[in-house]
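Comments concern the structure below.
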Amino acid sequence: QVQLVESGGGLVQPGGSLRLSCAASGSIFSIYAMGWYRQAPGKQRELVARITVGLSTNYANSVKGRFTISRDTARNTVYLQMSSLKPEDTAVYYCNAANVVLRGTFPPGNDYWGQGTQVTVSS
């Protein structure tokens, strides 16, 4: 019903930048919030950044001032601009769409996840 397709991961040197994109497709009426989570080997998945339909944002303390989340609501797309990357940012990054209401249905909606994209920060 709903697919999230991520792109933009890869290998980057410490101090470098990457931009992740995630596009949601399907019979979507609205998405309350879109966000990025990450999971490093041996660790739990954690919130990186999240943005609501009203463009309110919240960030993990570890990425504040370095990462910026933005959203194109009309295209159901979310972006994560990552700068000043550190080796500890290395993880699989997952896109999340929260409270997705499908056309012809009523709230509350469901949550969906992308398949993940690898970000590796290493010299």
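The values are calculated or read from the model by the stated rules, or taken from the named source; none is laboratory data. Keep in mind that this is a model prediction, so the values were computed, not measured. Here the Cβ is made from the backbone with ideal geometry for all residues, glycine too, and neighbour counts use every protein chain on show. Heavy atoms of the whole protein, side chains included, go into the accessibility calculation; ligands, DNA and RNA do not. Shrake-Rupley method; radii C 1.70, N 1.55, O 1.52, S 1.80 Å.
Averaged per residue, the chain has 53 square angstrom of accessible surface, using a 1.4 angstrom probe with ligands and nucleic acids left out. If you bin all the Cα-Cα distances of the chain at 5 Å, starting from zero, the percentages per bin are 2, 12, 23, 24, 18, 10, 6, 3, 1, 0.
What length, rounded to one decimal in nm, is gained on full extension from residue 52 through to residue 120, with 0.36 nm per residue of separation minus their alpha-carbon distance? Could the numbers behind the result be given before it?
Values: separation 68, 0.36 × 68 = 24.48 nm, distance 2.72 nm.
Once the chain is fully extended between residue 52 and residue 120, it gains 21.8 nm.
Once the Cβ-Cβ distance of residue 32 and residue 61 is raised to the sixth power relative to R0 = 35 Å, the FRET efficiency obtained is 0.90. Multiplying the residue separation of residue 113 and residue 5 by 0.36 nm and subtracting their alpha-carbon distance yields 38.0 nm.
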